[in-house]
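One structure is given here, and the rest of the page talks about it.
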Amino acid sequence: MCAWEPTPGGRRRRRPGDPDSQTVEAQNSPSPRMGLRESPYSNRFLGGADAVLRDFLFPSYWLVNQLLALQRTTEEKQEDQRHPRPPYALRALGKGLLLVPLLLLLAPSSLVAFLLWLPLQAVRRPFAYQHTPSQSPPEEWVLPGKAKAFTFISGNLCLLPVGLAKFSNLARTQWRAARIAHKLVQAARRPFSSQHEPSPRGGLQNGFSNPNTKMYGAMEPSPPRSNQSSPRGDADVTLEIPLDEEGKAPGPPSEITALFPSNADFLCLQEVFDRQATSRLRQLLSPCYEHIIYNVGTYGLVGCSALKLLNSGLFLASRYPVLAVKYHCFPNGAGEDAFSAKGLLCAQVQLGASQGQRIVGYLNCTHMHAPEADAEIRFDQLSLGLLWAQLFQDANAQPGDIVAFDIYCGDLNFDNCSSGDELEQGHEIFTVYTDPCRVGPRKDKPWAIGTLMNHLEIYSEAVSTPENMKRTLEQPEGRRKYLVGPIMEDGSPDHSAAWSEGRRIDYILYRDHLGPVELKTAVEKFFFVTQLAACSDHLPVALRLLLTPQPEA
């Protein structure tokens, strides 16, 4: 039974006596360093004890990882076929006979270290923070003033320990982490320009609104804003694209692109589990993203219903100062998912000021329950996420705040095409937040495509490079072969269903907030990114929102 109950308008309230989740918030200060300490521990002694015990545990962790990594990816099987070698079964047996005795030898000392490490988790803050002062911080947005665009990237990177990553047919976790980070840095350093942006399937010229635009979705003017949030819903999304010389729209406001969009402001990443890969990401991204939230989640028996051996895998990078952070662990994980602390990460960022009032944005990043047949678990997690996001905003709002955006994104592990996901497709989150790719339950915009790859095909030549994958997924036959198709209620493939564009399980939702300054929100472009070809089994997605101050009536 979930410890919450719904109230009208998409909000929820706690029941009396509900236990607090494991959360930590920063103070609402213009200086993020005053509000967020970098270490998840309150003093150096606790942090040092954690580091020492992890060092004792590492050899056993490494041995288990190597045992799991004895399974081969399809790429490794192809490599064995190209080069004559001893039979793989014999090689694997030899490694196993070496690794297992070592693991048994270390087991007693590792067990003692583990039992000493568990109590430390009760005093650990469920995230770490990295602040790297930037020589070129983003320009502060001042209102009243000109319009401003913000770009958000969300993606599941599958940066698990290599033994676990191989279950998704991926290996070389450290190499992939470095490659992914380099691609994100290249995009972050590329100034926005129509000359640098990839050729679109359709979209905006120069990345800014054109006075000759056609409106898709809501045709009514936005109502005056107040201090409350404004539910949007499926049919109330405004998309702008420029008209051609004949006054016709050239195409949908989306593109399949081989490059990440340039100069992104926020990265909301999932499955960044491996500690070494996390360090590599932080190191390489820090020159472009001054504020990074990482190592998010609880460990051990703290705050969740089962022993947590992995954190949440959530990772947030921001160009803008982070004012407040809060994390909640989903209490209803089951099966293999119960061993990771999946949950919701909420962050408040400061974007600028208007006549002494803050301009802020909200980011909610999540990774939900994976097993396909567990629709009720995901439905409850959606409800909890909606509750927690609202509670976070209520707790951290200040009178007169101007809320520029409110983003809810991540790997939700359900799509809008499968009969097996019908329960989640009808959730009220889609009446509170807007999904720019969706028309309604079981119906996406014609330009939307799936984001979950057929993991057995990710090394095929047709999708092995960003350019090849882009060309392949632009064709219906390519999407049919290389993207995962609809599923039934038990999680099995639905061969009887008419083919869709694939399972789109990675989302970026947004909603407007009413406030003292009226801001018109328009979707400039939605991106399906192929740049991580052969580095992940998901397509990252990106959203560029344009916020335009409206003149006072």
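The values are calculated or read from the model by the stated rules, or taken from the named source; none is laboratory data. As the structure is a computational prediction, the values presented were derived from the model and not from experiment. In this analysis, Cβ positions are derived from the backbone assuming ideal geometry, glycine residues included, and neighbour counts consider all displayed protein chains. Ligands, DNA and RNA are stripped out before the accessible areas are found, and what is left, the full protein with its side chains, is counted by its heavy atoms. Shrake-Rupley method; radii C 1.70, N 1.55, O 1.52, S 1.80 Å.
Would you mention how many residues in the stretch 293-326 are part of a loop (DSSP other than H, G, I, E, B) and of a type in the set (Lys, Arg)? Full working, then the answer.
Residues of the stretch 293-326 that are part of a loop (DSSP other than H, G, I, E, B), as a first pass: 295-299, 301-307, 309, 311-314, 319-321.
Checking which are of a type in the set (Lys, Arg) leaves us with 319.
Of the residues in the stretch 293-326, 1 are part of a loop (DSSP other than H, G, I, E, B) and of a type in the set (Lys, Arg).
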Only one residue in PHE45, PHE56 is loosely packed, with under 15 Cβ neighbours inside 10 Å, modelled with pLDDT of 50 or more and not in a loop (DSSP other than H, G, I, E, B). Which one? PHE45
What's the total number of residues in the stretch 274-305 that are over 18 Å from PRO137 (Cβ atoms), open to solvent by less than 10 Å² (accessible area, probe 1.4 Å) and either of a type in the set (A, V, I, L, M) or in contact with a Cys (Cβ under 6 Å, 6 or more places away or on another chain) (or both)? 4
Looking at (1) surrounded by fewer than 24 Cβ atoms within 10 Å (Cβ to Cβ); (2) out of contact with any Pro (no Cβ under 6 Å at 6 or more places or on another chain); (3) not β-branched (Val, Ile, Thr), can you tell me which one GLY426 breaks? (2)
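If a residue must be closer than 14 Å to ILE180 by Cβ and either of a type in the set (Lys, Arg) or assigned to a loop (DSSP other than H, G, I, E, B) (or both), how many such residues does the stretch 274-292 contain? Steps first, please.
Start the filter on the stretch 274-292 by keeping residues that are closer than 14 Å to ILE180 by Cβ, which leaves 274, 276-285, 288-289.
Narrowing further to those that are either of a type in the set (Lys, Arg) or assigned to a loop (DSSP other than H, G, I, E, B) (or both): 274, 280, 282, 288-289.
So the count comes out to 5.
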For the stretch 468-475, does any single residue satisfy the condition of being modelled with pLDDT under 95, open to solvent by 10 Å² or more (accessible area, probe 1.4 Å) and among the basic types (Lys, Arg)? no
Could you go through the stretch 365-375 and let me know if any residue there is in contact with a His (Cβ under 8 Å, 6 or more places away or on another chain) and at pLDDT 95 or above. no
Report, ordered by the first and then the second residue, all pairs with beta carbons closer than 7 Å, sequence separation of six or more or different chains, a first member in the stretch 286-304 that is under 11 Å from VAL272 (Cβ atoms) and touching a residue at least 12 places away in the same chain (Cβ under 8 Å), and a second member that is of a type in the set (Lys, Arg) and open to solvent by 30 Å² or more (accessible area, probe 1.4 Å). ILE292/ARG282; TYR294/ARG282
For ASN454, are the conditions met, namely being over 23 Å from GLN270 (Cα atoms) and modelled with pLDDT of 95 or more? no
Enumeration of residues in the stretch 388-406 that are over 26 Å from PRO549 (Cα atoms) and either acidic (Asp, Glu) or surrounded by 23 or more Cβ atoms within 10 Å (Cβ to Cβ) (or both): TRP388
May I ask you to list the residues in the stretch 258-273 that are among the hydrophobic types (A, V, I, L, M, F, W, C), part of a loop (DSSP other than H, G, I, E, B), in contact with a Lys or Arg (Cβ under 8 Å, 6 or more places away or on another chain) and crowded, with 21+ Cβ neighbours inside 10 Å? PHE260
Test result for ALA147, small (Gly, Ala, Ser), at pLDDT below 95 and either out of contact with any Asp or Glu (no Cβ under 8 Å at 6 or more places or on another chain) or at positive phi (or both): yes
Tell me which of these LEU452 doesn't satisfy, since it passes every other one: (1) open to solvent by less than 20 Å² (accessible area, probe 1.4 Å); (2) touching a Lys or Arg at 6+ places or on another chain (Cβ under 8 Å). (1)
If you scan the stretch 440-449, which residues turn out to be surrounded by 15 or more Cβ atoms within 10 Å (Cβ to Cβ) and either of a type outside the set (Gly, Ala, Ser) or in a helix (DSSP H, G or I) (or both)? ARG442, ASP444, LYS445, TRP447, ILE449
Starting from the stretch 341-356, take each residue that is open to solvent by 10 Å² or more (accessible area, probe 1.4 Å) and list its partners that are hydroxyl-bearing (Ser, Thr, Tyr) and outside any strand (DSSP E or B), counting only C-beta distances under 9 angstrom and pairs at least six apart or across chains. LYS342/SER312; GLN350/TYR320
Residue among LEU106, LEU98, LEU67, LEU102 that is open to solvent by 70 Å² or more (accessible area, probe 1.4 Å), closer than 30 Å to GLY297 by Cβ and either aliphatic (A, V, I, L, M) or not in a loop (DSSP other than H, G, I, E, B) (or both): LEU102
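Restricting to the stretch 132-145, name every residue that is touching a strand residue (DSSP E or B) at 6+ places or on another chain (Cβ under 6 Å) and either small (Gly, Ala, Ser) or closer than 29 Å to SER340 by Cα (or both).
Applying the first criterion (touching a strand residue (DSSP E or B) at 6+ places or on another chain (Cβ under 6 Å)) to the stretch 132-145 yields 140-144.
Result: no residue meets the conditions.
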Going residue by residue through the stretch 72-91, is there one that turns out to be at pLDDT 90 or above, of a type in the set (Ser, Thr, Tyr) and assigned to a helix (DSSP H, G or I)? yes
